[in-house]
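First comes the structure, then the notes that go with it.
Nothing in this text is a laboratory measurement; each read-out follows from the coordinates by a stated rule. Predicted, not measured: the structure shown is a model, and the values here were computed from it. Here Cβ is always computed from backbone atoms with ideal geometry, including for glycine, and neighbour counts include all displayed protein chains.
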Amino acid sequence: MTVDTDDQPSADLIDFESEADDFAAQVTTALRALIGLDRPSTSSDRRDLWRRHNLPSHISSFLGRAHAIEPPPGETDDSRTKVRVVTEKGREWIRDPTLILRAAEDASGYIAAINAALAQFAREERLPVEDEREYILRSKKLWPKNLWPSLGSHLDRFRTADSDLHRWVHHLRSSQAFAFNLFGPLAVGWPWARDTWRPVFGDVRRVEFEYPADRDPAGDDPLQERTPDRPHRTRVDVRVDHGAHETTLVEVKLTEQEFGGCSKAHDAGNPLRATCTTPDLALEEIANGCYLAQIAGRPYFRRLMEPASLISASRLQAFSYDGCPLRGGLYQIARNLMMAQHVRTSGAAVRFAVVAPSADLNPALHGHRSLRGYPDVLSFLRAVVHEKDQDAIRIVDFAEVVAHARSLNPEADSWVDYMRRKYIEPLRRGAAARKSQLGSSRS
C-alpha cells in the first residue's frame, strides 16, 4: 500500500555536522525537481520525484511545514491531491542552502529543545557564543572553550591541525567536541578516568582522536580513498589501545539521528545512480556500476569481499533488497569495519564500539527507520559481521559511563557535573520535546 507522507511529522531531520550538508543537498534537489515540472505538483508527483531522486519521504513534510511549498495562491486546498507550488522561501533556499539547515533545526522539536538547553548552558558558563545562535561559539578558533575546562591545559592530547578538526567543532552539539570531553580525561591518563573506563576497555595504554590523523603520514590513507580531486578519507572518532595487543575503534554519536549513508545515491550529478536503487544486485554487479568504485576509485567492495574482511559478504548481500546495501547507514558502519580490518593486519585484536546516548536520550538513533527493522543498534551492527566476529562489536551507553565515574571517585565530580549539564540534561529535554511533538501530530 502506498501511503501519502505529506502530513507525517518532520521531527529528527538532521544532525548539524555530517548529515547537515547532505540534507541541504537533498532539499535543494527536491525543490529543483519540483520547479522542473513547470506546473504545480500533486502528492503523487512528489512521491514519484522523491523515488526517482532517491530522496526520503519526510522531505515533503519538512517543505510543507517550513512553507517552502504551499497550495497555489487563491486556490482551495484539495486534501486528496494536495497540489503545491514552490514558494519564494523555497527559491531562496536554493540560492542559500544554509537557510535549510536553520529551518531543519527549528522544525525538529528534539534538536530545537537541545539547542535551547545548550544556550542556557552557554549563558551559565559565560561562553562567547553567536548573538542569534547562542549554542555555537563565535569562531571555530574558539573550539577549546567547547571542552571541559580541566582539559584546557592538555590540548596537546588532541589533534589540533585544522584538517583534523570538524567544520562545526565549535558547535556545542559537536560530536567531535563530545568525543574530546568524553575520552579526554582518559587520554590525559587521570586515574579516576582509567577506573571509569576499565569495565569497557580494561587497562588503557593510549588514546588517539581522529585516527588516522592528517599529520600521521604512515597511516594517512589505509583504505586507499584519496585522489588529487578527492582528498577526504575515512577517520575513526577515537582509537583506544588497551591490554597487551588490543585495540577498540570507537564511533561516537550524540544527536545524530542515524548512521551516515552514501550521498551519491541522491546526487543528480552521479551518472551511475541507477545502480544505487536497483534491487537485488549481486555485490560484484554493484561494484561494477558504483560511482565510488568506478569514478572515485575507492575499492570498498573489493575490500568488503576479501576473505579477511570483518564484514560477511553474504550477510551484507541480504540488505540489497531495495538497492545498494551501503546506500543507508551501513555505509558509515562498513567504512568503520574496514578500518578495523586494516588495524587487525598489524596483529592486534580489534573491536568496534559505538558510544552513544541510550534510546531514552536519542530515540531516533535506536528507532526502526535508522536500524532498518532490527530491534536494537547492537543487532543491526552485528547483522553484517561474520558469526565468529560477533563479540568484536560493542555498544556503550555514555550516560552509564558518566554515572559509573560518580560512584568511583570524588575527583571525577567536576567532569560528571559538566557532562550531565552539557549533554545528558539537554538530551533529556530533547527527548521529551520529541515525544510531545510526535504526540501532538497524532492527536
- Note on the structure: Note: probe point = Cα of residue 288 + 7 Å toward Cβ; backbone nitrogen < 19 Å; residues of the range 320-334 passing the test are 320-321, 323-326
- If the chain between residue 123 and residue 244 were fully stretched, how many nm would it gain, using 0.36 nm times the residue separation less the Cα-Cα distance? 39.1 nm
- Query: Say each of residue 203 and residue 397 gets a label point 7 Å from the Cα, pointing the same way as Cα to Cβ; how far apart are those two points in nm?
  - Reply: 3.0
- Tell me the label-point distance for the pair residue 387, residue 406, using the 7 Å Cα-to-Cβ offset, in nm and rounded to one decimal. 4.3
- Message: Can you tally the net charge around residue 93? Count Lys and Arg as +1, Asp and Glu as -1, for every other residue whose Cβ sits under 11 Å from the Cβ of residue 93.
- Response: +2
- Query: Within the range 95-187, which trypsin sites (Lys or Arg not before Pro) sit in a loop by DSSP and count at most 10 neighbouring Cβ atoms inside 10 Å?
  - Reply: 126
- Query: Using only the Cα atoms of the chain, what do you get for the radius of gyration and for Dmax, in Å?
  - Reply: 22.3, 73
- Message: Classify the range 387-443 from the C-alpha gyration tensor, please: rounded if a/c falls under 1.5, else prolate or oblate depending on whether a/b exceeds b/c.
- Response: oblate
- Message: For the chain, give me the percentage of DSSP beta bridges that are antiparallel, rounded to the nearest 5 percent.
- Response: 60
- Task: First check a/c for the range 263-327, with a ≥ b ≥ c the square roots of the eigenvalues of its C-alpha gyration tensor; if it is under 1.5, answer rounded, and if not, answer prolate when a/b is larger than b/c or oblate otherwise.
- Result: oblate
- Query: Over the range 20-107, what relative contact order in percent results from Cα pairs under 8 Å that are six or more residues apart?
  - Reply: 37
- Item | Difference of contour (0.36 nm per residue) and Cα-Cα distance, residue 150 to residue 98 | 15.3 nm
- Checking 29, 196, 98 against a Gaussian network model of the chain (alpha-carbon springs below 10 Å), the top fluctuating residue turns out to be 98
- Task: Once you've got the Cα coordinates, tell me which of 253/422; 253/435; 141/435; 141/264; 89/141 are over 26 Å apart.
- Result: 141/435; 141/264; 89/141
- Item | P(r) of the range 293-410 over all Cα-Cα pairs, binned every 10 Å from zero, in whole percent | 12, 40, 30, 14, 3, 0
- Taking 183, 23 and counting other beta carbon atoms within 10 angstrom, the fewest-first order is 23, 183
- Between residue 48 and residue 372, 0.36 nm times their residue separation minus their Cα-Cα distance comes to what? 114.4 nm
- Task: For the range 45-58, take each phi angle, set θ = phi - 60°, evaluate the Karplus expression 6.51 cos²θ - 1.76 cosθ + 1.60, and give the result in whole Hz per residue in order, putting x for glycine and proline.
- Result: 4, 5, 4, 5, 5, 5, 5, 5, 9, 6, 9, x, 5, 6
